[in-house]
Amino acid sequence: MTHVGHGLSGGEAATRRRRDGPNVLPTTRPPSPAVLLLRQLVHFFAVLLWVAAVLALVGGMPQLSVAIVVVVVVNGVFAFVQEYRADRAGRRLKDLLPARVTVRRDGHRSVIDATDLVVDDVVLLDAGDRISADLELIEAHGLAIDESMLTGESVPVRRDTGGAVYAGTFVVEGEAVARVTATAGKTRIAGIAALTRQAHRRPSPLANQLRRVVAIVAAIAVAVGAAFFGVAVALGMPPTDGFLLAVGVTVALVPEGLLPTVTLSLARAAQRMARRKALVRRLESVEALGSTTFICTDKTGTLTRNEMTVVELWTPAGTATVDGSGYAPAGQVHGDAAVIDQLRRLAVTAYRCSNGRVVEKHGGWRPVGDPMEAALHTLALKLGVDVAGGDGAGDPVQVVRRYPFDTRRRRASVLTVDGLHLKGAPDSVLPRCVSTHGAAAVLDAMTARGLRVLAVAHRPAADLPPDADDAERDLTLLGLVGLEDLPRDDVADAIASCHRAGIRLAMVTGDHPATARAVAVEVVLGADPLVVSGAELPADELALGELLDRDGVVVARVTPADKLRIASALQRRGHIVAMTGDGVNDGPALRQADIGVAMGASGTDVAREAADLVLLDDHFATVVAAVELGRATFANIRRFLTYHLTDNVAELVPFAAWALSGGHLPLALTVLQILALDIGTDLLPALALDE
């Protein structure tokens, strides 16, 4: 066991690194550019054209054979370039694990590469650090961890001495000394990433439909070619000439122009989506978006802004509402003069026992520390309160003693020269107040609306017992603070567009059911949404699909395995499923879904690598815009197909006339000319249908 004050020795750390390897997540090696190009040259439709090229060569038409090969190669290179550029853009979005980490080795504080961490290293954590290995907390002081990337839970979690924290999470408040328990492939995040790689991705609807069309066209082409051979021989044509005729007819029936038309259409749609902040990582995903029938969306950061905002306040003197959103101190507090006066006192007390704050940076206001505490600082600024001084003069207040938040007490307080300032969970604070003034009913109303509620109280005596439990008694309740993670402005309209398009929606989140339901109602996900928790989901996949196959369902407190099952169950019901997400926990479901949609700005590597579509602006409305473009592209491809196939039937007429005349009539169109028609005169009019 490592001595906490000394840490590992340099020699022991080096030995363990040689034994266990570097602290990097195991990843699937990406395919090389050569493999990516080869995939574009050997898919089912391309194989049909390769066969046509071979037949043309055997039939004594080398120019035609070369022309078909050029079509396949040029189309393959074009599709390869489009997907390779998207893949490179995705890699530039990578949000890597921290490059450096602070440890204690040989009794000294050192900063090392995160890849050099080994089991039993002593790690020193501070606010703002991103954790790069699974750790056991040896000492923890007011530690709050943002685990949203792992669990989907938007509220920072308090961790105490003896608890565990995991790679990929953030320290938003406090400090700690911890021991490394797992690195690299043995971490919790690596397990979720492995689950992501195991998830199966179905072929897109376009791939399935094109495969069926190509099979039918190939069968018809061979049958018609054989029929022409028989008719030609019966009319007295030499068998050799009849065979050449059959080859020409077969090649003419293959819609060579369809492949570049489809590829160009998908590429143009991908470019349009990119202009709307949606990065397509696979071209066929464009069409799959258009076939989407069910969208499973995360809540935090996707439907909502992932910004805590105080929206409602209550004091014994009355209630008040707060304008504005986010962390900018823009907006007003609306209430009676007596209420506003009490709220200023409440704001001072709430801020005194908080470590989070807001700062103006790069033209905007950003939270530092706990987002909820940062929202309290914003409230104080909106009220015009000088949070630095208790008398309004701006003089710093002397702190006598702090009682940090812990999961047992569920409250935090600070003793200053002007009294004890306390905030915490209402059910923890209200029983310690001298009088609650009917706060219980107000609390019920706030929580029913999905607000997160804090109770704020004060005790004027300065000479208090040192024990927190004894000091935090006989409190004067100052009021309740209702906070909300507001929905994005464009979400309601985007959801309405989905309803009009017949697309069903489900919210799949790690948050509390009541909070998730309130957001669902606010954005009109459903008039009376069905709310279930992950623990309540049926074990049977058929029953699970039947339960979820409705509009406006909300699934809360889900695990990564739950999300994977949800995507699979809906697919078994015949749905084309799009799944949005930004965290590591979303990776497996993003891979399983027909369309995985990851957040580009706030998402993790695992989510982005598993996704087909990356939202550069993290807006749910961008998903809907991409679906609309995908639907238009799908409809256009159906038009292309009809246009090409009817055109190919017309191209048979010269061959039919030549065969029926026994070869006496000249062949009006050569096979090479027909290929030129397919690629030239067919391609441009077909693309015009895309406008």
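If only residues of region 632-660 that are among the small types (Gly, Ala, Ser) and more than 30 Å from ALA501 (Cα to Cα) are counted, the one that is surrounded by the fewest Cβ atoms within 10 Å (Cβ to Cβ) is ALA650. Within region 107-124, residues that are over 15 Å from ARG17 (Cα atoms) reach partners that are charged (D, E, K, R) and surrounded by fewer than 22 Cβ atoms within 10 Å (Cβ to Cβ) with beta carbons closer than 7 Å, at six or more positions or on different chains, in the pairs VAL111/ARG100; LEU124/ARG104; LEU124/ARG109.
For first residues located in region 502-521 and touching a residue at least 12 places away in the same chain (Cβ under 8 Å) and within 19 Å of ASP146 (Cα to Cα), partners that are among the hydroxyl-bearing types (Ser, Thr, Tyr) and part of a helix (DSSP H, G or I) and lie 6+ apart or on another chain with Cβ distances below 8 Å form the pairs GLY510/SER148; GLY510/THR151.
Results for (1) buried (at least 19 other Cβ atoms within 10 Å of the Cβ); (2) at pLDDT 90 or above; (3) not polar (S, T, N, Q), shown as yes or no for each residue.
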{"position": "ALA127", "(1), (2), (3)": "no, no, yes"}
{"position": "HIS141", "(1), (2), (3)": "no, no, yes"}
{"position": "ALA164", "(1), (2), (3)": "no, yes, yes"}
{"position": "ALA190", "(1), (2), (3)": "yes, no, yes"}
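Taking (1) crowded, with 17+ Cβ neighbours inside 10 Å; (2) at pLDDT 75 or above; (3) within 21 Å of TRP658 (Cβ to Cβ) in turn, GLY236 satisfies each apart from (1). Considered as a group, the residues in region 75-101 that are at pLDDT 80 or above and among the aliphatic types (A, V, I, L, M) include one that is surrounded by the fewest Cβ atoms within 10 Å (Cβ to Cβ), and that residue is VAL77.
Condition check ((1) within 20 Å of GLY450 (Cα to Cα); (2) without any contact (Cβ under 8 Å) to a residue 60 or more places away in the chain; (3) among the basic types (Lys, Arg)) across all residues:
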position: ARG305; (1), (2), (3): yes, no, yes
position: THR309; (1), (2), (3): yes, no, no
position: ALA328; (1), (2), (3): no, yes, no
position: ASP341; (1), (2), (3): no, yes, no
position: ASN355; (1), (2), (3): no, no, no
position: VAL358; (1), (2), (3): no, yes, no
position: HIS362; (1), (2), (3): no, yes, no
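Checked against (1) surrounded by 22 or more Cβ atoms within 10 Å (Cβ to Cβ); (2) closer than 26 Å to ALA496 by Cβ, ALA601 passes all but a single condition, namely (1). Checked against the criterion of being surrounded by fewer than 24 Cβ atoms within 10 Å (Cβ to Cβ), assigned to a loop (DSSP other than H, G, I, E, B) and either under 20 Å from the mean Cα position of the chain (by Cα) or on the phi < 0 side of the Ramachandran plot (or both), region 574-583 contains one or more residues that satisfy it.
Residues of region 597-615 that are in contact with a Ser or Thr (Cβ under 8 Å, 6 or more places away or on another chain) and at pLDDT 80 or above: VAL597, ALA598, MET599, ASP612, LEU613, LEU615.
So THR300 fits all but one of (1) in contact (Cβ under 8 Å) with a residue 60 or more places away in the chain; (2) closer than 25 Å to TYR643 by Cβ; (3) crowded, with 20+ Cβ neighbours inside 10 Å; what number is the exception? Among (1) in contact (Cβ under 8 Å) with a residue 60 or more places away in the chain; (2) closer than 25 Å to TYR643 by Cβ; (3) crowded, with 20+ Cβ neighbours inside 10 Å, THR300 violates only (2).
So that you can scan it fast, the table gives a plain yes or no per residue for (1) closer than 21 Å to SER497 by Cβ; (2) modelled with pLDDT under 90; (3) assigned by TED's automatic domain parsing to the domain that holds THR293:
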{"position": "GLU546", "(1), (2), (3)": "no, no, yes"}
{"position": "VAL558", "(1), (2), (3)": "no, yes, yes"}
{"position": "LEU570", "(1), (2), (3)": "yes, no, yes"}
{"position": "ARG573", "(1), (2), (3)": "no, no, yes"}
{"position": "ASP618", "(1), (2), (3)": "yes, yes, yes"}
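Among the criteria (1) at pLDDT below 85; (2) more than 30 Å from THR161 (Cβ to Cβ); (3) outside any loop (DSSP other than H, G, I, E, B), the one ALA393 does not fulfil is (3).
Cβ-Cβ contacts under 7 Å between residues 6 or more apart (or on different chains), taken from a first residue in region 212-226 that is touching a residue at least 40 places away in the same chain (Cβ under 8 Å) to a second residue that is of a type in the set (A, V, I, L, M, F, W, C) and part of a helix (DSSP H, G or I), are listed as VAL213/LEU641; VAL214/PHE44; VAL214/PHE45; VAL214/LEU48; VAL217/LEU253; ALA218/LEU48; VAL224/VAL249; VAL224/LEU253.
Restricting to region 575-592, and then to whatever is modelled with pLDDT under 90 and hydrophobic (A, V, I, L, M, F, W, C), can you tell me which residue is farthest from SER291 (Cα to Cα)? Lay out the reasoning, then the answer.
Kept after step one, since they are modelled with pLDDT under 90, are these residues of region 575-592: 580-592.
From what's left, hydrophobic (A, V, I, L, M, F, W, C): 584, 589-590.
Values: VAL584: 26, ALA589: 18, LEU590: 17 Å.
Step by step, filter region 575-592, then rank; the result is VAL584.
Scoring THR263 on the criteria (1) of a type in the set (Ser, Thr, Tyr); (2) within 26 Å of the chain's Cα centre (by Cα); (3) more than 30 Å from ARG411 (Cα to Cα); (4) surrounded by fewer than 24 Cβ atoms within 10 Å (Cβ to Cβ) leaves a single failure, condition (2). If we keep just the residues of region 266-289 that are outside any helix (DSSP H, G or I) and on the phi < 0 side of the Ramachandran plot, which is farthest from the chain's Cα centre (by Cα)? If we take residues in region 266-289 being outside any helix (DSSP H, G or I) and on the phi < 0 side of the Ramachandran plot, then LEU283 is farthest from the chain's Cα centre (by Cα). Within region 447-478, the residues that satisfy the criterion of being among the β-branched types (Val, Ile, Thr) and in contact (Cβ under 8 Å) with a residue 40 or more places away in the chain are THR447, VAL456, THR476.
Search region 498-535 for residues being of a type in the set (A, V, I, L, M) and assigned to a loop (DSSP other than H, G, I, E, B), and hand back the single one that is surrounded by the fewest Cβ atoms within 10 Å (Cβ to Cβ).
Of all residues in region 498-535, those of a type in the set (A, V, I, L, M) come to 501, 503, 505-508, 514, 516, 518-521, 523-525, 527, 530-532, 535.
Then keep just the ones that are assigned to a loop (DSSP other than H, G, I, E, B); that gives 501, 503, 523-525, 527, 530.
Values: ALA501: 13, ILE503: 20, VAL523: 23, VAL524: 17, LEU525: 26, ALA527: 8, LEU530: 16.
Restricting to residues being of a type in the set (A, V, I, L, M) and assigned to a loop (DSSP other than H, G, I, E, B), the top hit is ALA527.
Here VAL385, VAL414 are screened, and the one residue that is at pLDDT 85 or above, in contact with a His (Cβ under 9 Å, 6 or more places away or on another chain) and among the β-branched types (Val, Ile, Thr) is VAL414. Taking region 327-338 as the range and being touching a strand residue (DSSP E or B) at 6+ places or on another chain (Cβ under 8 Å) and surrounded by fewer than 20 Cβ atoms within 10 Å (Cβ to Cβ) as the test, the residues that pass are ALA328, PRO329, GLY331, GLN332, HIS334, ASP336, ALA338.
The values are calculated or read from the model by the stated rules, or taken from the named source; none is laboratory data. Quantities reported herein were computed from a predicted structural model and do not represent experimental measurements. As a convention, Cβ positions derive from the backbone with ideal geometry for all residues, glycine included, and neighbour counts pool all protein chains shown.
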